[in-house]
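Below is one structure, written out as structure tokens, with a few remarks after it.
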Amino acid sequence: MCRYRTGFRFGEGKALAVVRPGTVSEQWKALEACIAASVIVITQASNTGLTDGSTPDGNNYDRDIVIVSTSRMKKVYVIEQGKQVICLPGATLDQLEHVLKPLGRERHSVIGFSRIGASVFGGVCNNSGGARLQLGPAYTQMAVFTQVGAAGKLHLVNHLGIRLGDTPEDVLRRLDRGEFPEADIQPDAGAESDRNYVTHVREIDTHTPARFNADPRRLYETSGSAGKLVVFAVRLDTFPIEQDAKVFYIGTNRPEELTDIRRHALHVFTHLPISGEYLHRDAFDIAEKHGKDTFLTIHYLDTSRLPASFALKNRFDSFFDRLGFLPSNFTDRVMQAMSGLFPSHLPPLMKEYRNKYERHLLLKVPAEGAPETKAFLEGYFAKASGGHFECSDEEGNKAFLHRFAAAGAAVRYGGTTRRTHCVLVCSVAHP
């Protein structure tokens, strides 16, 4: 059970059992048994450890813990001509990307841990996946979930906006089979994404931040529930694929210059940037050394194979840990050592900016917003101390991939405790 009891970035502890249902109907039965036995239930999807809470954290619990892994329930149903999807608990962001790409659509979250099999539900239940300035954190008001009532019995709630039947058995059976006749789908039953975020994020002079944990604006039943509900299905918006987006790489030694750029981009630009990622020189160096194998794996391997590759790595980790005489993180050490045999993987201009500037900003903008972004940056840095360059497609992809590798690299660099890893990432990767 080691790979279910241990998170990649957070959490490790004991569990009485791990249950791996293959359908939401089986998940309901497993949950009924857990509630009857009065055990703690931790619902786990991909266990990337990105948001914490998917594994036990220590052993100071007053009851036994049962982990319910949803990784076998990987179903995605396309509705509303591809403008929306219904996902079951094990659906991953990578899987959703491959379903939507032939339709010219894309999912809410397009970067980060999506590449190693992160789940759709993890983003919704933790209000995460908020790197895209035009969309904000993952959010929906449309879901099927269960909660424990006052009498200690499970109560199933269908707020999916689809008529599925009157009993839990009927509802869950139709979810398993994907039986959604068009006549049963309500088109305007609620919001399937945070459709007001574009306006909200532009309010730069308000006294509250645009994004913070447990923001009441984005707490709605399953959204932000963080394990306090068991969710069986969510209904989400999809979005047109951004064509010909441009990436601008910005460097400076003065953080106030990044503040100027951020405020101007949010308040003045006609076309809001797609995303902005900050990287400190320390995190740059950590990722270059300790995240090189992650970078190379993702760059050269089809992303559809990555979840299986990381699952295999977890199995090797479990095997080597049981041997007892090998150093901790033996697989990581081998992979990192092998990556050192490859030539430098970063574009020369990125390395030049690393030597020249302490603080880096990766600004991704839609094609129609590229001219105004370029004109502003040229005018601004004619007087400011920093600099910028417009990335080629390859440079832009590598810049964001390097930023992604920084999180996993910090886990290795952090050393002995997972909490240290978290502190390191937060302190060097965000202004």
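Okay, here's what the table says:
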| read-out | value |
| --- | --- |
| Relative contact order for the chain, counting Cα pairs under 8 Å that sit 6 or more residues apart, in percent | 18 percent |
| Within the chain, helix-based [θ] at 222 nm, where runs of 4 or more DSSP H residues each add -39,500 (n - 2.57), nearest 500 | -11000 deg cm²/dmol |
| Kirkwood-based shape ratio for region 76-240, expressed as Rg/Rh from alpha carbons | 0.97 |
| Virtual spin-label span in nm between Tyr300 and Leu326, 7 Å along Cα→Cβ | 2.1 nm |
| Student exercise, region 2-69 dipole from Lys, Arg, Asp, Glu Cβ charges, in Debye to nearest 20 | 200 debye |
| For region 76-240: relative contact order, % (alpha-carbon pairs under 8 angstrom, 6 or more apart) | 34 percent |
| Lys, Arg +1 and Asp, Glu -1 on Cβ, resulting dipole of the chain about Cα centre, debye, nearest 20 | 1020 debye |
| Compactness relative to 2.2 N^0.38 Å, alpha carbon Rg of region 168-256 | 1.60 |
| Relative contact order (percent, whole number), region 243-369, Cα cutoff 8 Å, 6+ residue spacing | 65 percent |
| Hydrodynamic radius (Kirkwood) for region 209-348, which is based on Cα pairs only, to one decimal in Å | 20.2 Å |
| Order of Met1, Met142 - criterion: other Cβ atoms within 10 Å of each residue's Cβ, fewest first | Met1, Met142 |
| Convex hull per residue volume in Å³, alpha carbons only, for region 53-97 | 96 Å³ |
| About the Cα centre, charge dipole magnitude for region 208-312 (Lys/Arg +1, Asp/Glu -1 at Cβ), debye | 280 debye |
| Scaled radius of gyration (Cα, divided by 2.2 N^0.38 Å) that region 132-184 gives | 1.43 |
| Asp166, Asp194, Asp321 arranged by Cβ crowding within 10 Å, fewest neighbours leading | Asp166, Asp321, Asp194 |
| Label-point separation in nm, Arg72 to Asn196, each point 7 Å along Cα→Cβ | 4.3 nm |
| D_trans [Stokes-Einstein, Kirkwood Rh over alpha-carbon pairs] for the chain, 25 °C, 0.890 mPa s, µm² s⁻¹ | 107 µm²/s |
| Amide H within-cut-off set for Gln84, under 5 Å, with H built and near neighbours excluded | Ile79, Thr238 |
| Packing-based exposure ordering (other Cβ within 10 Å, fewest first) of Glu368, Glu277 | Glu368, Glu277 |
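Read-outs throughout are calculated quantities, based only on the coordinates presented, and are distinct from any laboratory measurement. None of these values were measured; they are calculated from a predicted model. Here the Cβ is made from the backbone with ideal geometry for all residues, glycine too, and neighbour counts use every protein chain on show.
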